[in-house]
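Here the structure comes first, spelled out in structure tokens, and everything after it is commentary.
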Amino acid sequence: MGGISSHLSILITLLILVVALLGGALYFAYLTWCKKLFLKIFKRPQPMPRIDRSPREIDQSTVFGKGKNWFYSTRNEYINVRIQSFDKTKLSGYFRPSSDRSSRFAVILLHGYNEHPSEMAAYAKLMMKQMQCHILIPHMRAHCMSGGKYCTYGLYESVDLLKWIDFVKAQVGDDCRIFLVGRCMGADAALLAAAQEGFSPNVAGIIADCPFDSLYNVLMEKGKLKYKINMKFPLKTINKIASKNLGCEIEPCDAVQNAKLIRVPVLFFGAGSDTVVPEHSAKRIYDDIRTPKHLVMVDNCQHLMCYDRSPAAFEREVRKFVEQCVVRMISIGKM
């Protein structure tokens, strides 16, 4: 009996050891997967080029393609500029002084994830139709000619924007009036910046094209579609990895949570058939903002294609918004 009991104890010990090793291997595989997901989500999407070259060919079948062609056709009117952000990251951008150097209007245009600043040229051209204005188009953090190892989808980019606003004030004057125009990630960077305490009173309004409500919700939806699982637990792990590597967590990247703190007018555009950002995202942010606001939903429209899908209506809404913002600034004694 003693021998049988001893053998049984050895078998149980071996079984526990095998289960522990298997569990450890599975947990190691899970952590490795989460680390790969973290890098896929946050790591710089493209290597930093040595030279910002013009493309050999530009597809001009869309409003944005035509805008990009216009940008490179007038490239000599833009000055390459460079600043240092709060964490010493070097940021690059294009600054185009107004033809009327006395103008006190300026526009800062913020591109989306894995995009080039030239994607914002169509908006720049549109804003220049509304008023004589200075134009600044930054290379977003971890994109194109700007430094940075990680893209944070609006978190650090919103603080970078505060530095760009200071740059514009230094160039144009402390009494300048600034409009912010952003696409998706760029729109969220503008909204998160506007929610920060001490946000510059120089900003007259924000135009947000297809912003996402929160990074967490986007990752949840994308994870479910791709991996067919609930991403709640993996995102907790990714959040810990982000906290260690980025110095910040995912949760603060939430435009809805911060919407009540925004004190400048906002014009939203949402795409009715958006498969990248849920179509209700812009509506969720819009509902919680307590400042003058307007939401334009474009039916049968894909992500970031509102201007191309309905150019006349888009331009009309932007023109009306700019006029209302100027009237508001005059009425409150800021112009």
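What the table below lists for this structure:
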item	result
Where labels lie 7 Å past Cα in the beta-carbon direction, separation of W33 and K244 in nm	1.8 nm
Distance (nanometres) between label positions extended 7 Å along Cα→Cβ at L162 and N230	3.7 nm
Three-way shape label, the range 94-218, alpha-carbon gyration tensor, a/c 1.5	prolate
The chain - percent of accessible surface contributed by carbon and sulfur, probe 1.4 Å	56 percent
Charged-residue dipole, Cβ positions (Lys, Arg, Asp, Glu), the range 10-60 about Cα centre, Debye nearest 20	200 debye
FRET efficiency estimate (nearest 0.05) - Cβ-Cβ, E251 to M48, R0 22 angstrom	0.15
Accessible area per residue in Å² at 1.4 Å probe, computed on the range 72-119	47 Å²
For the range 81-136: rounded, prolate or oblate by the Cα gyration tensor [a/c cutoff 1.5]	oblate
Size of electric dipole in the range 82-224: Cβ of Lys, Arg +1 and of Asp, Glu -1, about Cα centre, debye, nearest 20	400 debye
Under 13 Å, Cβ to Cβ, from Y30 - net charge with Lys/Arg +1 and Asp/Glu -1	+4
Out-of-range pairs (alpha-carbon distance over 19 Å; input K66/K125; K236/K260; K66/K163; K90/K244)	K236/K260; K66/K163; K90/K244
For the range 278-335, accessible area per residue (1.4 Å probe, heavy atoms of protein chains only), Å²	57 Å²
Cα-based shape type of the chain, given that a ≥ b ≥ c are square roots of the gyration tensor eigenvalues and the cut on a/c is 1.5	prolate
Per residue, in Å², the accessible surface of the range 214-271 once ligands and nucleic acids are set aside, probe 1.4 Å	50 Å²
Summed residue charge, Cβ within 14 Å of F321's Cβ, Lys/Arg positive, Asp/Glu negative	+3
Around L91: net Lys/Arg minus Asp/Glu count, Cβ-Cβ under 9 Å	+3
Leading residue at positive end of dipole, the chain (Cβ point charges), from G272, F95, M335	F95
Restraint check, K43/K224; K88/K222; K36/K68, Cα-Cα greater than 23 Å	K88/K222; K36/K68
With at most 13 other Cβ atoms within 10 Å, longest stretch of the chain clear of loop GluC sites (Glu not before Pro) (DSSP)	58-196
Simple Cβ-charge dipole of the range 40-121, Lys/Arg +1 and Asp/Glu -1, about Cα centre, in debye nearest 20	340 debye
Taking the chain and dividing mean pair separation by its residue count, relative contact order in percent (alpha carbons under 8 Å, at least six apart)	14 percent
Kyte-Doolittle mean at least 0.5, axial Cα span of 18 Å or more - DSSP H helices of the chain	2-42
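The values are calculated or read from the model by the stated rules, or taken from the named source; none is laboratory data. Computed from a prediction, not measured in an experiment: that's the story for all the values here. When we count neighbours, we look across all protein chains shown, and the Cβ atoms used for this are built from the backbone with ideal geometry, even at glycine. We work out accessible area using only protein heavy atoms, side chains counted, and drop any ligands, DNA or RNA first. Shrake-Rupley method; radii C 1.70, N 1.55, O 1.52, S 1.80 Å.
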